[in-house]
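Here is the structure we will look at, set down as structure tokens.
Derivation of every value follows stated rules applied to the coordinates shown; laboratory data play no part. It should be emphasised that the depicted structure is a prediction, and the values quoted were computed from it without experimental measurement. Here the Cβ positions follow ideal geometry from the backbone for every residue, glycine too, while neighbour counts run over all protein chains shown.
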Amino acid sequence: MKWQGRRQSGNLDDRRGMSKGKMAAGGGIVVTLIVLALNFFGGETGQQLAPIVEQLGNSQGNQQTEQRELTAQEKEMGNFMATVLADTEDVWGKVFSDNNLGQYQDPTMVLFTDAVSTGCGNASSASGPFYCPADQKLYMDLAFFDELKTRFGAQGGDFAIAYVTAHEIGHHVQTLLGTSQKVTKLQQQNRSEANRFSVALELQADFYAGVWAHYNQEYLEEGDIDEALSAANAVGDDAIQKRTQGNVVPDSFTHGSSEQRKRWFMKGYKTGDIKQGDTFSEILN
Ligand SMILES: [Zn+2]
């Protein structure tokens, strides 16, 4: 994908390189020393003491993180992610206005390492990239994209990363359009169909990723669509089940098969028409 020199989004919250440091132990010592000092000098009452300890306690949990300098490669990845995010903002802004869907609201993308707290609870790298509707943010630990190659067997490449990002943006689009909320309600009313609703929702996010790629064609390089399809293939439920448990159980699918994921991505890519993304009638009938 040709991305160098293009607009980068300002909606990137880069928390990589931040980690809970060894400061916590030091903080503990500071608290103890203050308590001792106050006791030693008399005068201070328990009432005044409490907030000091509390304050130190808070900063221990939230702010005493260590920030290491990002490597040149990490900075480059950050620039790439900011460019892909900017591109989704431009494309979806246009698609929303062309289709009279109101104003597209840009989401925030959080890059993190290891663990992150979100509007949807705490998450670790193990969750993979995800979108949280509660705070309308995408959370990405970029280590996932190494795993996509090593564990999931995808061919990798920058457009594989762009596809996964565009899929998560697809969930943001579904949230703005109210689709996610409707599906959640239907899943609660009809628990035996919950997985099938999930598959339809996920395939539609793949379709939206394809729609984004459709409007990004002038920046595509040879092999880019193959990279996206290889990633879609690798994260199909059947491919994952075959790899992890040896057999395939379609009723337990939550994201769709490799074939379905590739097909819906391609449909979005070829048509660029969001009105053709009704994955629900295919999956629920
Ligand atoms: Zn998804």
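Scanning region 231-249 for residues that are away from the ligand (no atom under 16 Å from the Cβ) and in contact with a Lys or Arg (Cβ under 9 Å, 6 or more places away or on another chain) yields 243, 248.
Across region 146-179, what is the number of residues that are part of a helix (DSSP H, G or I) and of a type in the set (Phe, Trp, Tyr)? Looking only at that region, the number is 2. Screening region 184-213 for residues that are away from the ligand (no atom under 11 Å from the Cβ) and among the β-branched types (Val, Ile, Thr) and picking the one that is surrounded by the most Cβ atoms within 10 Å (Cβ to Cβ) gives 211. Close Cβ contacts (under 8 Å, 6 or more residues apart or on different chains) running from residues in region 159-183 that are within 12 Å of the ligand (Cβ to nearest atom) to residues that are among the acidic types (Asp, Glu) comprise 163/227; 167/206; 170/206.
Residues are listed down the side, and each one gets a yes or a no for (1) within 13 Å of the chain's Cα centre (by Cα); (2) within 16 Å of the ligand (Cβ to nearest atom); (3) without any contact (Cβ under 8 Å) to a residue 12 or more places away in the chain; (4) over 22 Å from residue 228 (Cα atoms):
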residue: 88; (1), (2), (3), (4): no, yes, no, no
residue: 109; (1), (2), (3), (4): yes, yes, no, no
residue: 125; (1), (2), (3), (4): yes, no, no, no
residue: 128; (1), (2), (3), (4): yes, yes, no, no
residue: 141; (1), (2), (3), (4): yes, yes, no, no
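Counting only helices (runs of 4 or more DSSP H) that fall entirely inside region 197-285 and contain at least 2 residues that are touching a residue at least 12 places away in the same chain (Cβ under 8 Å), within 17 Å of residue 170 (Cβ to Cβ) and polar (S, T, N, Q), the qualifying elements are 258-271.
Would you pick out the residues in region 252-278 that are small (Gly, Ala, Ser), within 19 Å of residue 216 (Cβ to Cβ) and within 16 Å of the ligand (Cβ to nearest atom)? 268, 277, listed by residue number. Looking at this structure, is residue 134 free of Cβ contacts under 8 Å to residues at least 24 places away in the same chain, part of a loop (DSSP other than H, G, I, E, B), of a type outside the set (Phe, Trp, Tyr) and more than 28 Å from residue 226 (Cα to Cα)? Yes: the conditions hold for residue 134.
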